[in-house]
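Input: a single structure, listed below in structure tokens.
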Amino acid sequence: MTSTTVDTKEFVAGLFPFNHLPQTSLEHLLKKFQFMRYRMGQAILMREAMPEYISIIYQGQARLLGYDKRTEKPVTLQLLQPGEVLGWVSNMRNIACETVIASTEVICLNLPIADFFTLVKQNSAFRKALHNHAALMELYDLLWKN
């Protein structure tokens, strides 16, 4: 039997946008995360509902889906790997726009949205990084707007 220790601090500290947080904020934040398991085919985020969590893929793979405006059929925009941060785009835009489906069993670190917005309010570098980052979902929606 083998045992592994999960170093969530090191994992989260290296990810956008959390790499823009001071150490004290990051350490406080780590206490707020909860592990959540998603089965293959299960929705992690749906474009019809605002995410209740900011989710970080810790293990597994998922697909980021866009919808062809002409046919309303889903298209895979990206195969998401561990380290991808989900849900922040919808919440920063204040419009549900992300659909993410687990391609394998996925384990996420989930941060309640209220804690995320506390970080946004209290950390100007974190807030600025989010506002200055164009996410793939935003670009896709912008290009397919017409």
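The values are calculated or read from the model by the stated rules, or taken from the named source; none is laboratory data. Note that the coordinates shown come from a computational prediction; the quantities given were computed from them, not determined experimentally. Cβ placement follows ideal geometry from the backbone for every residue including glycine, while neighbour counts extend to all protein chains displayed. To get the accessible areas, we keep the full protein, side chains included, count just its heavy atoms, and leave off ligands, DNA and RNA. Shrake-Rupley method; radii C 1.70, N 1.55, O 1.52, S 1.80 Å.
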Residue by residue, what Karplus-based ³J(HN,Hα) values in Hz, rounded to whole numbers, does segment 87-93 have, using 6.51, -1.76 and 1.60 with θ = phi - 60° and x for Gly and Pro?
-> x, 6, 4, 4, 6, 6, 7
May I ask you to give the solvent-accessible area per residue for the chain, in square angstrom, as obtained with a 1.4 angstrom probe?
-> 59 Å²
Given charges at beta-carbon only (K, R positive; D, E negative), |dipole| of the chain in Debye | 240 debye
Would you please put 110-120, 68-78, 27-37 in order of how densely packed they are, using the mean number of other Cβ atoms within 10 angstrom per residue and starting with the highest?
-> 110-120, 27-37, 68-78
Show the residues, 5+ positions off or on another chain, whose built amide H is closer than 5 Å to the amide H of ILE44.
-> VAL100, ILE101, ALA102
Expressed in µm² per second, the diffusion coefficient of segment 27-79 from the Stokes-Einstein equation, with Rh the Kirkwood radius over alpha carbon pairs, at 20 °C and 1.002 mPa s, is 161 µm²/s
Name the long-range amide H neighbours of GLN59: under 5 Å, sequence gap of 5 or more, or other chain; modelled H, no Pro or chain starts.
-> ILE107
When only C-alpha pairs under 8 Å and at least 6 residues apart count, what is the relative contact order of segment 4-146, in percent?
-> 32 percent
May I ask you to give the percent of accessible area on the chain that is carbon plus sulfur, with a probe radius of 1.4 Å?
-> 52 percent
Here the Cα Rg-to-2.2 N^0.38 Å ratio for segment 75-123 is 1.29
So which lysines pass the test for LYS32, namely a Cα distance under 18 Å, with those fewer than 8 places away in the same chain ruled out?
-> LYS9, LYS121
Over all distinct Cα pairs, what is the inverse of the mean 1/r for segment 10-113, reported as the Kirkwood hydrodynamic radius in Å?
-> 14.1 Å
